[in-house]
Structure formats: C-alpha cells, structure tokens
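The values are calculated or read from the model by the stated rules, or taken from the named source; none is laboratory data. Predicted model, so just to flag it, every value in this text is computed and none were measured. Glycine gets a Cβ as well: all are built from the backbone with ideal geometry, and neighbour counts include every protein chain shown. Each accessible area value is taken on the protein alone, full model and side chains, heavy atoms only, with ligands, DNA and RNA left out. Shrake-Rupley method; radii C 1.70, N 1.55, O 1.52, S 1.80 Å.
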Amino acid sequence: MAFDLIWVQRTALSVLNKPTHIQYGIGFTEIRSNGKNEGFKTAEDYVRLISSFSPQARGQSIFDEQAARLSKKNSHLSIRLPAPYVDEIEQTLLSDEPCSVLITGIAGDGKTYHARQLWERLGGDFNSWVSDKEKSGSLCIRTTTRGKQPHSRAIYFIQDLSAKDYEAIPIIQNTQETIFDLLIRSITDAGCSVVICCNHGQLLKRLRSSGRPECPKLADQIENTFFSPKGEISLKETPEIKVFDLSRLPQHKNFDEIVKQFCDHEAWESCQTCDICKICQIRENRKWLWDTEKKDFTDVERKISSLIKLTGLDGNHLPIRDLLTLVSNSMVGCNNVQSNKAGVPSNSCARARYAAENPDKLDMDFFDNILGNNYTRRGLAGKEIFNVLSQYECGVAGDRLWDRFLQAEGHMENSDTPGMGVDLRELYNSYKDKLSDVPEASGPEDDEKDPETILLTEHDAAEKKRRKLFFLLPDTDETYPSGWKLTSLKHAREYLSLLDRIRENRKRGLGLPADLVRGLNRILTGGTLEDADEIIVTTNGTFADCFAGRKVAARVTARNGRHEWSRLEWDPQCEEELSPPVIDFCFDDAIDGASVRFELTPSRYECLASSADGAIIETFSEKIINDFMNLKSELIVAYEKFLSEEESSDDDPRLELTEEGQIETIEIHYA
C-alpha cells in the first residue's frame, strides 16, 4: 500500500477545474482537480517539488498546515511512499468482533494519511474528508463486516485528536456522545468502531481528562503499549482496542523508498533538453544516490541507509517528514549563506544554473548536504535529523590508516594484513577521480593568510575528504579496513555483521564473541583482562557501581554446559529491524530474578569493542558509563539471587570462597 505526497505549485487553473484540497497530518498537501491528478510538465517542476521538502521549507507550502487554504488554484506532482499498516487496520475494522483503532506516532509519521487512506478504501468520499477536515474534524461511515456473521458497523474517524476539545464535542447529536463515549461503547458494541489519530502524549492526556471513569485505566493500558517494541498491539485487558504506532516503522526502509521515488521518477527524462544537463549539480547529486543504469541504490545510498538504521537501533526515531528533508537537501541543497548572498532562488533549477556558471560562488556538494553542513548551526535549529546524524561525527575524527591512505595515495602500512598496501593502492586509484574534486587545503594564494586561517582551511579540507571517503567505501568488501573508522562508530561494520549472524542463529541464539567478553571483563572489573572464557564482575567491597575493584562478586564461565549463561538474541517480541539484539545473562531461567537482559545498541557495542582494543571506559559518554554500571549492579543482584535459591552442584557456576572462608579476590592489572 502506498500514499501520495503532493507538492503545491501556485499556477492558475481554469475556472472549470477548481481543485479540492486535503491536508495530511504529516503536513503534505494533496491537490486534485475534479478528482484527477494533473501530472508534471517540466523537470523544473519536479525540482520545485523536491525543493519543497528542504530544511528551509518548513514554513512554506509543503510543511505549513495552512498551505491548502492558501492554494485554491494549483497543479501538482505526486510521489508514492509506503503505508504498511493500512491493510491490517482495514482487516481489524471489517472483522465481526467489537473493535476500535488508535493510530499514534510523533509529528511527521503519517497518522492522518493512514486514516484517510482507510476512509477511502471503506468507501468514504474524498470531498467529504476534505470538507469535514475544515469543519468538525470528525466523520462517520457505515460499512458491513466481512466475517462469518456480517453485520452493519458505524466507524467514526477523528483526523487529529489534538486539533479540538473533543472531550466536550458531541459526535452524535441525538445522544450527545463524545468520541470517548463511543470508544468505550465500541468495546462491547460490535456495531460501533472508532479510529483516532493522535500523538502519544496528547492521547493519554485527553483520555485522562475525558470525564469517563473507564478512560484513565484505559490510558494506563495504552501507555504500556508505547514501551512495547511492536508497532501493532492489542491492549492486554481490552483486546478490542488495537494500537498502531507509526513510530515503530523501520526508518532506513522508509529512507530507501523515498530515495527510489525521488530519483527514479520519470520527470528526470525532461532534463535531456536542458543546456546544462551534463554539468547540472542536481543531477550529479542524484547519481550519488541512484544508479540510473542498474535502476538500483548506490554504495553511497546503502552507507547512508546503514547509518540511519544504526541511529534507529540507538533509540533515535526519524519520521518520514525528516527523511524527506534529508533526501531533498542532499539532492538540491546548496550553501545557504552563499545562496542568500547571491540572491539565488531556493526552489528552482536556477541554483543549479548559477552553480554551473559560478562554481566558486555556490557550493552544492552532496557530501556536505547529506549531513546538513550547507547550513549554519543557527540555520539547522529544529532540524532534528541533522542533529542526530552529527552525533556520529562522519569524517570529523581522523584515522591513522585512512589519513595515510589519503595523504600517500593508498600507500598504507598494516602489519596485521600482509600485502594490504597493494590492495589499497588499487582502491585509491578507483576513487582518485571522485576524491579529486575536493578542494586542496592550501595553495600559493594562501601565503598571505594568517597561520590560524590556513590551519582551519586545512582542517576543513581534510574533513571533507574523510567524509567523502567514508560514504564512498562499501561495507561489503572486507579486504581493507572498515570505512566506519572515520566515524565515532568505528566498529559499526563488525556490529552490522554481528546482526546478520544473530539473524541466522535466531532460533538458538548466538554465543558471545570473544572480543565482547574481553570488553565486558575490562569494564566490569576496571582492569586489562584478556580472559575470554569467563565473565568476571568485581567490586571494591562497598559499591557495585565502581570502575575498579578486586573483590569478586561473580565469576561465571561464558560458555556453560548446563546453562547457556550468556548469549546474543533478538527479543521475540521485537521486530529485528527496529530494536537492537539483547545479551541474555541467564544464570537459571527456572529462578525468578536470576537473569539480566541487556540491549546491545550500536553505541554500547562500540564501547565494548573499543574496551577490548584497549580504550578506557572513562573516555565514553556519561550515559554509556551509567548503562554499564547499572548492568554491573543488576548482574550482582541476579547472581546473589541465583546463589540463594539454587542447590549446590559440581557443574553449577558458583562463587567460591578461599580456605579461610574469605571472599575470593583476584589480581588485576590496571591500565
């Protein structure tokens, strides 16, 4: 299932073709003329469409909720994106059993669109949806269920719960029932259903202030679903109500689909008649994302998609609106300061023409645009997606091997991999042309500049080259060092490979790799332990959350015959693409409280892998440190629970005392 994202162009239509308009909850405006799509006329129209999603367009037509009211006579272009929950919602509402649906998510997730798509599939009139959006914001449609016992059902739609005071607005005038009265009635009445669109906080707030005694308890049930890893869930005590959380959709797949729709559109064929077609920077930026010959994603797009996937596994949600902004800026973005100074229009092909004629005055570099570096910090205020991506410092920090690769044209030394230098010289030659367009750090004309300015220029040039190299290097070739070493997630390639191995061993789980065991030991003891066969937890005898200690609080083999003491797996309640895998520290699954589950996010994996390589945990963020100190405390509590209830046996992993009956201590060498 897919939906249309429509751009509004202010051109006149004939009097006979007065358009109707609709606003999607995520801010996209659709224009229809007599119920038909008008289509595009030129490639520049399509560039205007893409530009409408750019960061600076937030207050313009595409993101402004008032756009439809200001655009009565327009033509349009459409882009189709997935709406995966529409089928499930339709099946729910057409079942014989009593039911209602709550569509939740954050701003930009597409809540209102899902409801409108459902409205039309159930036979609702498009114009009724539009006109009612302007008036009461609620609609009703009667349909017949499709189960074994078909019957009539009235379905009431609330397009945006936060738009009006629905606690006091009667939906049915005769009975004076509000939408919350109908929601409670739908639990037992199979002839009545409700579809409500709202963000998480507003939904809970409205339920608790509705005045219905049943609603606060219902709000508590719904709140619990927001902590569930699933996007579709029925309330435990009230299974008649289903919650569809659009914030649980895999954001990297949404990104892939947006790229495909933007880059593989037929409108690009019209560019062939343009006189700057061969040097158009917009088309060049498009090539970084989409292989026009193979009709497939490029290695650069796959790297960006992997980065977005990792942000999701780290707990960052990027709604469709932000992903549209990212793709738009990468393709048609330019240096905002230069553009404003030159007075170049921000929503047309004029910027590409100006950049072609004045390459030194307007920069449209794709690798700056993709991270929002074409804007000042102030210009990116409120652009959450660029703030999230900046956390991973792509190209900011140098790497000894890759910096030498760039400086010595591929002549690298790597003692662990004989012959690597030859392979990397070949690699450099394959990327030489693509890296050559990055401006050099300094030249003869810079002799008169002060040293500080030259240093900053050299730093910026080196960062640009590293950033471009990072995106160019594919993850599939392991014959050379990982390009992720040019980011803050230096072990991301290994993490993504680990995810694949866990997926292959999903039924039985995967044992902890040796490097993770070493990393755990170094963090949980504060020492430089090399042991990868057992996991040791130490304290200083007083506090569990201390960095270092010699008193052994738990000493357990990493691979145990009777109990798989530690293993990597996905939570069976989680969607693989949405939640990170977990390390299951299970002393004995028959004893309540004798196990600990620890999510292995990309940032936590980076801490473990770096610690195994010799990094000191204090160099990581306070949040990561607290995560592992909490894990340490939880392991000690779980192990004590295990010892207190498990009968002693030879094959059990037990905490041994010395002959004098003292707690065992170990010698630990600290870095």
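Within the stretch 493-501, is even one residue part of a helix (DSSP H, G or I), in contact with a Lys or Arg (Cβ under 7 Å, 6 or more places away or on another chain) and either touching a residue at least 60 places away in the same chain (Cβ under 8 Å) or crowded, with 23+ Cβ neighbours inside 10 Å (or both)? Checked the stretch 493-501: no residue is part of a helix (DSSP H, G or I), in contact with a Lys or Arg (Cβ under 7 Å, 6 or more places away or on another chain) and either touching a residue at least 60 places away in the same chain (Cβ under 8 Å) or crowded, with 23+ Cβ neighbours inside 10 Å (or both).
Kindly establish whether E240 is open to solvent by 20 Å² or more (accessible area, probe 1.4 Å), closer than 30 Å to T298 by Cβ and touching a Pro at 6+ places or on another chain (Cβ under 7 Å).
no
Between V243, V332, V300, the distinction of being within 21 Å of D87 (Cβ to Cβ), at pLDDT 90 or above and among the β-branched types (V, I, T) belongs to V243 only. Among the residues making up the stretch 476-490, a single one is without any contact (Cβ under 8 Å) to a residue 40 or more places away in the chain, part of a loop (DSSP other than H, G, I, E, B) and surrounded by 15 or more Cβ atoms within 10 Å (Cβ to Cβ): S482.
For first residues located in the stretch 103-130 and within 11 Å of I141 (Cα to Cα), partners that are among the basic types (K, R) and assigned to a helix (DSSP H, G or I) and lie 6+ apart or on another chain with Cβ distances below 9 Å form the pairs G124/R116; W129/R116.
Restricting attention to the stretch 297-319, the residues that are outside any loop (DSSP other than H, G, I, E, B) and over 17 Å from K253 (Cβ atoms) add up to 2.
Results for (1) in a helix (DSSP H, G or I); (2) aliphatic (A, V, I, L, M), shown as yes or no for each residue.
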| residue | (1), (2) |
| --- | --- |
| R206 | yes, no |
| P216 | yes, no |
| K230 | no, no |
| S247 | yes, no |
| I258 | yes, yes |
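Going by the conditions given, is E293 surrounded by fewer than 17 Cβ atoms within 10 Å (Cβ to Cβ), in a loop (DSSP other than H, G, I, E, B) and of a type outside the set (F, W, Y)? For E293, the condition - surrounded by fewer than 17 Cβ atoms within 10 Å (Cβ to Cβ), in a loop (DSSP other than H, G, I, E, B) and of a type outside the set (F, W, Y) - is met. Listed by first and then second residue, the pairs with beta-carbon distance under 9 Å, at least 6 apart or on different chains, first residue in the stretch 344-360 and farther than 19 Å from S328 by Cα and open to solvent by 40 Å² or more (accessible area, probe 1.4 Å), second polar (S, T, N, Q) and outside any loop (DSSP other than H, G, I, E, B), are P359/Q281. From the residues in the stretch 614-629 that are touching a residue at least 24 places away in the same chain (Cβ under 8 Å) and open to solvent by 30 Å² or more (accessible area, probe 1.4 Å), which one is nearest to L510 (Cα to Cα)? Ranking the qualifying residues of the stretch 614-629, first place goes to G614. Summed over the stretch 325-353, the residues that are part of a loop (DSSP other than H, G, I, E, B) and closer than 27 Å to L578 by Cα give a count of 0.
For the condition of a type in the set (K, R) and modelled with pLDDT under 80, what is the one hit in R604, R654, R597?
When all the criteria are applied, what remains is R654.
Name the residues in the stretch 233-244 that are in contact with a Leu (Cβ under 9 Å, 6 or more places away or on another chain) and closer than 30 Å to S305 by Cα, would you? Within the stretch 233-244, V243, F244 meet the criteria. Residues that are β-branched (V, I, T) and more than 22 Å from A107 (Cα to Cα) are absent from the stretch 308-316.
Look through A190, A168, A163, A154 and report the one residue that is surrounded by 14 or more Cβ atoms within 10 Å (Cβ to Cβ), hydrophobic (A, V, I, L, M, F, W, C) and either closer than 16 Å to I106 by Cα or free of Cβ contacts under 8 Å to residues at least 12 places away in the same chain (or both). Walk me through it before giving the result.
Details: A190 fails: either closer than 16 Å to I106 by Cα or free of Cβ contacts under 8 Å to residues at least 12 places away in the same chain (or both); A168 fails: surrounded by 14 or more Cβ atoms within 10 Å (Cβ to Cβ); A154 fails: either closer than 16 Å to I106 by Cα or free of Cβ contacts under 8 Å to residues at least 12 places away in the same chain (or both).
Just one listed residue meets the conditions, A163.
Restricting attention to the stretch 244-280, the residues being buried (at least 22 other Cβ atoms within 10 Å of the Cβ) and within 30 Å of I184 (Cβ to Cβ) number 5. Residues in the stretch 153-174 that are of a type in the set (D, E, K, R) and assigned to a loop (DSSP other than H, G, I, E, B) were compared, and the one that is farthest from W129 (Cα to Cα) is E167. Whenever a residue of the stretch 443-466 is closer than 22 Å to L406 by Cβ and at pLDDT 65 or above, its partners that are of a type in the set (A, V, I, L, M, F, W, C) and part of a helix (DSSP H, G or I), lying with C-beta atoms within less than 9 angstrom and at least six residues away or across chains, give the pairs A462/L406; K464/F367; K465/L406; K465/L435; R466/W402; R466/L406; R466/L486. Restricting attention to the stretch 363-410, the residues being in contact (Cβ under 8 Å) with a residue 40 or more places away in the chain, farther than 27 Å from G312 by Cβ, open to solvent by 30 Å² or more (accessible area, probe 1.4 Å) and assigned to a helix (DSSP H, G or I) number 1. Of the listed requirements (1) farther than 18 Å from K253 by Cβ; (2) at pLDDT 90 or above; (3) in a helix (DSSP H, G or I), D322 misses just one: (1).
Residues in the stretch 125-182 that are modelled with pLDDT of 90 or more and at positive phi: 1 in all.
Return a yes/no flag: does the stretch 267-279 have any residue that is within 27 Å of the chain's Cα centre (by Cα) and either over 18 Å from D475 (Cβ atoms) or at pLDDT 90 or above (or both). For the stretch 267-279, residues within 27 Å of the chain's Cα centre (by Cα) and either over 18 Å from D475 (Cβ atoms) or at pLDDT 90 or above (or both): absent. Close Cβ contacts (under 6 Å, 6 or more residues apart or on different chains) running from residues in the stretch 587-607 that are closer than 15 Å to I636 by Cα to residues that are among the acidic types (D, E) and open to solvent by less than 20 Å² (accessible area, probe 1.4 Å) comprise A594/D588; R597/D584. Regarding the stretch 80-100, can at least one residue be identified that is part of a strand (DSSP E or B), open to solvent by less than 60 Å² (accessible area, probe 1.4 Å) and at pLDDT below 75? So far as the stretch 80-100 goes, yes, one or more of its residues are part of a strand (DSSP E or B), open to solvent by less than 60 Å² (accessible area, probe 1.4 Å) and at pLDDT below 75.
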